[in-house]
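The values are calculated or read from the model by the stated rules, or taken from the named source; none is laboratory data. Not measured: the values here are computed from a predicted model. A quick note on method: Cβ atoms are made from the backbone with ideal geometry, for glycine too, and the neighbour counts reach across all protein chains shown. Quick note on the areas: whole protein, heavy atoms, side chains included, nothing else; ligands and nucleic acids left out. Shrake-Rupley method; radii C 1.70, N 1.55, O 1.52, S 1.80 Å.
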Amino acid sequence: MTYIHYAPIIITALITSVFLVVMTPVAHFLGLVDIPSYRKNHSGNVPLTGGFAMFMGILIASLITDVVFQNNPMFLTSAAFIVLLGMLDDRFNLSAKGRLFCQFIVSGLMVWVADNYIVNLGDLFSFGDMHIPTFGYLFTMVCVVGVINAFNMIDGIDGLAGGMSLVVLFSVIVLMYIQGNLSGITAPLVIAAAIVPFLAFNLSIKGFKGNKIFMGDAGSMFIGLAIVWLLVENAGNVDSTFRPITAVWLIGLPLMDMAAIMIRRARKGRSVLQPDKHHLHNIFIRAGFSPFAALLSILLMGVAFCAVAVISEINQVPEYIMFYAFIFTLAVFTTILLNIWKILRVIRRLGILKP
C-alpha cells in the first residue's frame, strides 16, 4: 500500500459522532458522569463517554475496512483494555496504584505480544547509536505508562488533551509524508478523525452546544496509548520513519508538565500520583487567563515543541544536540513552574500582568 485510505477516516468520524450522541443518555443511566467538585469547575453532570466513542469509531472502521488496525489486532486489544480501565476509573475512582498496575499490563501487551518496543535510542551522546535489544522491553513499558499518564494529566480544560493530540498527530503525519510513508499516514489520520467530532462536542462549537461531553480517563489514556504506539512503531527501530529523540520532542510538553508536577509533589512530601490543581492549565487560569486563552496558549506551546521536532528532523540536526537541548528545556521549564508564583509576582509589580 503506497497511498492514503480515506474510507476508514470518514467511517471513523461518522461512527464516533453517532456514539457521542447515543452514549449520552447511557452515561447518565450508568452514572458515568463528571460531577463538579473543588477540582472541577464545570456546570452540571457531564457524560464521560468521549473516550469510548472514539475507540468504537476506530474499532468499527478498522473491522469494516480491513486496512487500518485490523492487521495489528493487538493495538485494538490493548486499546480495549485501557478504555475499560479508564471507564472503571471514571465511574468508581480506582486507586492510583491499581490503575498504574493495570497500565503496566497493557504496556506489556504492546511490548511482549505485539512486539512493538524500542530497540534503538539513537546517537544521544555523540558516541554512536545506543542499541537496547533486551533492555528495550522494560524501557518501552516504562515509556508507555509515562506517556499514557502524561496525556491523562494534561486533560484538565476543554479541548486540551484532544487539541494537543491533534498537534502531535499532524506533526507525525507531516514527518511520514516527508519520508514518503503514505500508507502509514492512514493510522494517525484515523485517530485524528475520531478526535475531531469529540472536540466539536467538548468545545460546544456552533451546532453542538448543549451537548457537552468529556473524554474522561478512558479517552485521555486511550489517546496516550495510541500516540505512544505510533511513536514507538515509527521511531523505535533502526529503519524508522523518524528518530527517537524527534518522538520525544513531539510529546515534549505533556512529558515536561508531568515531570514538573511529580517533582513539585515529591518536594512537598506528597505522593506523585495524588491529583492536585497545579497543572499547567491551572497555572494559566490562576494567572488570569480565561479557559479559552489558556487552551490556545498551551496548544501554541505544544506547536512550538512539535515545530522543533519536525524542523530538526528535516534538517537532520544531530541527535545529541536535540537531546541536550531537551534536557536544558526540561530544566528551565521545571524551574519556572516550581517558582511560577514568585515570577508572576515580579511580573505584576512591573505592570506586565494585572493583579
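Charging the Cβ of each Asp and Glu at -1 and of each Lys and Arg at +1, and nothing else, the dipole of segment 193-307 about its Cα centre rounds to 620 debye. Relative to the Cα centre, the charge distribution of the chain, modelled as +1 at Lys and Arg Cβ and -1 at Asp and Glu Cβ, gives a dipole magnitude of about 1920 debye. Would you mind telling me which residue in Ile283, Ile58, Ile195 has the biggest mean-square fluctuation in a Gaussian network model of the chain, where springs connect alpha carbons within a distance under 10 angstrom? Among Ile283, Ile58, Ile195, the largest mean-square fluctuation in the Gaussian network model of the chain belongs to Ile283.
Figure legend: label point modelled 7 angstrom from the Cα of Leu63 along Cα→Cβ; residues of segment 4-23 with amide N under 17 Å from it are 8-9, 11-20, 23.
Structure remark: mean-square fluctuation, Gaussian network model of the chain, C-alpha springs under 10 Å; the largest value among Pro36, Pro197, Pro47 belongs to Pro36.
Surface composition of the chain: carbon and sulfur atoms hold 68% of the protein heavy-atom accessible area at a 1.4 Å probe. Ranked by solvent-accessible area (1.4 Å probe, protein heavy atoms only, all chains present), the residues Leu296, Leu76, Leu273 order from largest to smallest as Leu296, Leu273, Leu76. Counting only the heavy atoms of the protein chains, how much of Leu337 is accessible to a 1.4 Å probe, in Å² to the nearest 10? Its accessible surface works out to 10 Å², give or take rounding. Rounded to the nearest 10 square angstrom, Met141 shows an accessible area of 30 square angstrom against a 1.4 Å probe. Taking 7 Å steps out from each Cα toward its Cβ at Phe92 and Arg286 produces label points 3.3 nm apart. Here Arg345 sits with roughly 120 square angstrom of accessible surface, probe radius 1.4 Å.
Report the Cα centroid-to-centroid distance between segment 96-116 and segment 118-141 in angstrom, as an integer. Between the Cα centre of segment 96-116 and that of segment 118-141, the gap is 20 Å. Largest accessible area first, the listed residues Glu233, Glu319 line up as Glu233, Glu319 when surface is computed with a 1.4 Å probe on the assembled protein chains. Protein heavy-atom accessible surface, 1.4 Å probe, per residue over the chain: 45 Å².
A 1.4 Å probe over all protein chains sorts Asp66, Asp89 by accessible area into Asp66, Asp89, starting with the largest.
Computed over the chain with a Gaussian network model linking Cα atoms closer than 10 Å, the most mobile of Thr49, Thr335, Thr140 is Thr335. Working from Cα pairs under 8 Å separated by at least six residues, relative contact order for the chain is 22 percent.
For segment 143-158, putting each phi into the Karplus relation 6.51 cos²θ - 1.76 cosθ + 1.60 with θ = phi - 60° gives couplings of 4, 4, 4, x, 5, 4, 6, 4, 6, 5, 6, 7, 7, x, 10, 3 Hz, in residue order, rounded to whole numbers and with x for Gly and Pro.
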